[in-house]
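Just so you know, all these numbers are worked out from the coordinates, no wet-lab data involved. Note that this is a predicted model, so its numbers are computed, not measured. When we count neighbours, we look across all protein chains shown, and the Cβ atoms used for this are built from the backbone with ideal geometry, even at glycine.
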């Protein structure tokens, strides 16, 4: 099962996420991830307030419980003003193209 771990909150700064990346990578569960540019640089349609999302990881794990276990390794889950949203990926994008 694939899950998107959405990193959000105020002031990500340079949080150390190496433990999460090492554990997920060594287990073959880390598909990818990226840090996003500042929300002030985003284009929003319609023009609304910027979201607090500033990064994400895509993981492929056996269960929702494992996704939660990995997410708890992220400092974002423990730092005030930050959070990790765990969302299941329903199906591959571009599957109909």
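Please identify, among 43, 68, 79, the residue showing maximal mean-square fluctuation in a Gaussian network model of the chain using a 10 angstrom Cα cutoff.
Of the options given, 43 has the highest mean-square fluctuation.
What is the fewest-to-most order of 86, 59, 6 by other Cβ atoms lying within 10 Å of their Cβ?
Neighbour counts put them in this order, fewest first: 86, 6, 59.
In which sequence would 34, 29 go, from the one with the fewest C-beta neighbours within 10 Å to the one with the most?
34, 29
Label-point separation (nm) for residue 26 and residue 49, each offset 7 Å from Cα along Cα-to-Cβ?
About 4.1 nm separates the two model spin labels.
Based only on the alpha carbon positions, what is the Kirkwood hydrodynamic radius of the chain, in angstrom?
14.3 Å
Hey, what did the chain get for relative contact order, percent, Cα under 8 Å, at least 6 apart?
48 percent
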